[in-house]
Amino acid sequence: MARHLITSALPYINGIKHLGNMVGSMLPADVYARYLRQTGRETLYICATDEHGTPAELAAKEAGLPVADFCAAQHDAQKAIYDGFGLDFDYFGRSSSPENIEITQHFARRLQANGFIEERAIRQVFSIADDRFLPDRYIVGTCPHCAYDKARGDQCENCTRVLDPTDLIDARSAISGSSELEVRETKHLFLLQSKLAGEVEAWIDEQGKDWPVLASSIARKWLTEGLNDRAITRDLDWGVPVPADTWPELAAEGKVFYVWFDAPVEYIGATKEWGDQDPENRDWKSWWYEADDVVYTEFMAKDNVPFHTVMFPATQLGTREPWKKVDYVKAFNWLNYYGGKFSTSQKRGIFTDAALEILPADYWRYFLMANAPESDDTSFTWELFSASVNKDLADTLGNFVNRVLSFSRKRFGDDVPAGNEAGAAEAELGEQIAGLLAEYEAQMEALQFRKAAQALRALWSAGNSYLETKAPWLEIKTDPEAAALTLRTAMNLIHLYSIVSEPFIPASAAAMRGAFALTEDTATWVTRDEAASLSFVPAGTPFTVPPVLFAKITEEDLESYRERFGGGDDSAA
């Protein structure tokens with residue numbers, strides 16, 4: 001059986017991430033990893049903070065901290081939030097780790113030995129006011145393609161076009177704001193992507209044919225526009241140092257590798273970090289080197305696609321070593337906030353720490369995945385969020401759990417009642433549940449998360465329909481044994497829901513499973529035959545009524561959320 005390697009785009013170190021970042025990478029990766037583990041497949045989910053580059057230095061400077069201290073504190077702060085969201089990484093590393101430095105430098109040496117790195121003298125922007133060369137992100141200005149006036153020197157956040165600093169209109173230093181810039185000569189290393197373009201294109205032709213259109217179209221757009229050689233070093237104090245044994249002059253000048261050269265290598269570096277924690281039992285290299293039995297899936301928002309589908313594969317190919325390359329790229333569009341973009345830099349929208357302050361993680365997990373921006377951009381509104389939480393989570397699932405367990409305890413005590421043998425209604429329900437489970441599994445296997453959420457919601461709804469049809473509150477008056485059967489069947493549905501809901505709402509799923517005093521609390525996936533039989537929880541099993549799983553969001557709540565975060569007419573302010 002194949003082993004499954006999962007990575008999600010590394011969250012950048014400079015600040016807490018917003019919900020758009022969460023739904024575009026880490027959360028869907030977690031949902032998929034949880035599902036794979038439940039279905040018995042060996043799975044390794046790796047992520048890390050992306051810690052090098054200009055924004056880290058700028059953010060540390062603004063915070064008045066040494067950059068290493070700033071990154072360490074931010075890593076811990078981000079990890080705490082991801083724990084709060086229930087993201088079950090196998091390992092969450094740091095791109096500043098010794099392991100990543102070692103492997104990045106190894107990649108660079110291999111590329112050099114194979115003729116894919118070249119030292120070139122280039123003309124680079126120098127800030128007179130700051131008395132230093134400015135790396136790409138230290139320069140801001142107006143994008144020549146879309147006229148966005150806060151574009152960075154490496155990429156426009158608005159239109160996602162990759163830029164060079166000299167492309168910017170009205171360029172200025174991001175450090176001092178000075179426009180006293182001039183171009184001077186300096187030396188840097190270039191990755192000769194042009195020499196690898198044919199190999200990258202052949203690889204995408206083969207590997208990318210099954211990718212979502214969003215991912216494959218972005219990759220092919222880059223290839224169509226031409227794969228240019230790219231500078232992979234920068235003038236920074238913080239980064240993976242250029243190794244002195246290979247480039248002594250550049251090392252003496254303090255050159256470091258470009259963050260987009262070392263960041264994807266951190267997928268491998270973080271796996272080595274994971275392996276180094278328990279080297280006797282964890283063979284990190286088996287996941288990445290000659291890993292023919294590994295299926296590798298990456299999750300990312302669309303702005304990260306070019307680097308993962310073109311630049312990093314070119315880097316891997318150029319090493320002439322058998323490093324594992326991505327099999328499937330799951331790319332996402334933007335999640336907007338009332339039609340405007342979420343933005344970390346502009347602090348626009350709902351950020352993950354604030355989200356957890358006001359509501360439990362499962363509310364957010366379910367809503368974000370049920371409305372994931374897969375085929376196009378989607379927009380967050382408080383009205384849509386509250387409608388989804390109230391209807392799907394509170395009414396359809398939470399109310400079902402509460403009414404079944406509360407009514408059964410009131411009428412039959414604290415053990416699952418026995419009642420009649422299952423009849424035609426239960427057989428019909430079982431057949432329906434098995435069919436819906438098959439649909440849910442198919443969508444999860446296809447990484448179609450919105451459709452998977454719809455199938456999960458249909459499973460919940462089937463229980464409500466069964467309950468309404470059987471009406472145990474009426475059965476109890478004339479046939480208590482029939483009512484007991486209905487409630488026993490409904491309790492088995494609750495246990496089934498606790499298993500199949502685990503990828504989306506793990507904390508609530510655990511609470512549902514914990515209601516029954518079974519010999520072990522296991523979320524192992526069920527077969528369709530098991531689902532159809534609805535016999536997980538035998539009669540006589542003690543149970544408790546858990547606290548309300550999902551509290552409804554009231555109009556008063558909405559008013560307070562809109563006031564705090566914006567929404568409606570004032571959201572674009």
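The values are calculated or read from the model by the stated rules, or taken from the named source; none is laboratory data. Values in this document were obtained by computation on a predicted structure and should not be read as measured data. In this analysis, Cβ positions are derived from the backbone assuming ideal geometry, glycine residues included, and neighbour counts consider all displayed protein chains. Please note that ligands, DNA and RNA were not included when accessible areas were found on the heavy atoms of the full protein model with its side chains. Shrake-Rupley method; radii C 1.70, N 1.55, O 1.52, S 1.80 Å.
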Within the chain, cysteines having no neighbouring cysteine beta carbon under 4.7 Å are Cys47, Cys71
What residues have an amide H closer than 5 Å to that of Trp334, excluding those fewer than 5 places away on the same chain, when H is modeled at 1.01 Å from N in the peptide plane? Asp377, Thr378
Candidate values (1) 28; (2) 18; (3) 24, label of the one derived for percent of Cα pairs over 45 Å apart: (3)
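Dividing the Cα convex hull volume of the range 348-427 by residue count, how many Å³ per residue is that?
With only Cα atoms used, the range 348-427 gives 155 Å³ per residue.
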On a 0 to 90 degree scale, rounded to 10, what angle separates helix 54-63 from the longest Cα axis of the chain? 80 degrees
Here FRET efficiency (C-beta to C-beta, Asp88 to Glu468, R₀ 51 Å, nearest 0.05) is 0.90
Leaving out ligands, DNA and RNA, and with a 1.4 Å probe, what % of the accessible surface on the chain is carbon or sulfur? 48 percent
What 222 nm value per residue comes from the helices of the chain, counting each DSSP H run with n ≥ 4 as -39,500 (n - 2.57) and dividing by all residues, nearest 500 deg cm²/dmol? -13500 deg cm²/dmol
Could you compute the net charge surrounding Lys272? Neighbours are other residues with a C-beta less than 9 Å from the C-beta of Lys272; K and R count +1, D and E count -1. -3
Gap separating the Cα centres of the range 222-285 and the range 317-368, nearest whole Å: 23 Å
If you split all Cα-Cα distances of the range 135-213 into 10 Å bins from zero, what percentages do you get per bin, shortest first? 17, 32, 29, 17, 5
Please state the relative contact order of the range 10-70 as a whole percent: Cα pairs under 8 Å, 6+ residues apart? 40 percent
The Cα radius of gyration of the range 68-185, divided by 2.2 N^0.38 Å with N its residue count, comes to 1.38
What number, in percent, do you get for the relative contact order of the chain if the mean sequence gap of Cα pairs under 8 Å and at least 6 apart is divided by its residue count? 16 percent
Quick one: putting +1 on the C-beta of Lys and Arg, -1 on the C-beta of Asp and Glu, what dipole do you get for the range 265-411 around its Cα centre, in Debye to the nearest 20? 740 debye
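Which whole-number percentage describes the relative contact order of the range 197-272, with Cα contacts under 8 Å and a sequence gap of 6 or more?
Contact order relative to length: 23 percent.
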Nearest-0.05 FRET efficiency for Glu555 and Asn420, computed from C-beta distance (R0 51 Å): 0.70
How many angstrom separate the Cα center of the range 186-203 from the Cα center of the range 151-169? 20 Å
Quick one: accessible area per residue over the range 327-416, 1.4 Å probe, rounded to a whole number of Å²? 35 Å²
1.4 Å probe accessible area per residue over the range 436-526, in Å²: 34 Å²
Cα Rg, Dmax, the range 474-573, angstrom units: 19.4, 62
Added length on full extension, which subtracts the Cα-Cα distance from 0.36 nm per residue, Val183 to Lys410: 73.7 nm
For the chain, the longest principal axis of the Cα atoms and the Cα long axis of helix 361-370 enclose an angle in degrees, to the nearest 10, of 80 degrees
The range 419-541: Kirkwood hydrodynamic radius (Cα pairs, Å) comes out at 14.9 Å
Mind ordering 50-56, 329-335 by average Cβ neighbours within 10 Å, highest first? 50-56, 329-335
Which of Lys302/Lys391; Lys341/Lys391; Lys17/Lys285; Lys451/Lys552; Lys209/Lys330; Lys17/Lys61 exceed 21 Å between C-alpha atoms? The answer is Lys302/Lys391; Lys341/Lys391; Lys17/Lys285; Lys451/Lys552
FRET efficiency for Gln277 and Ala507 from the Cβ-Cβ distance with R0 = 22 Å, rounded to 0.05, comes out at 0.25
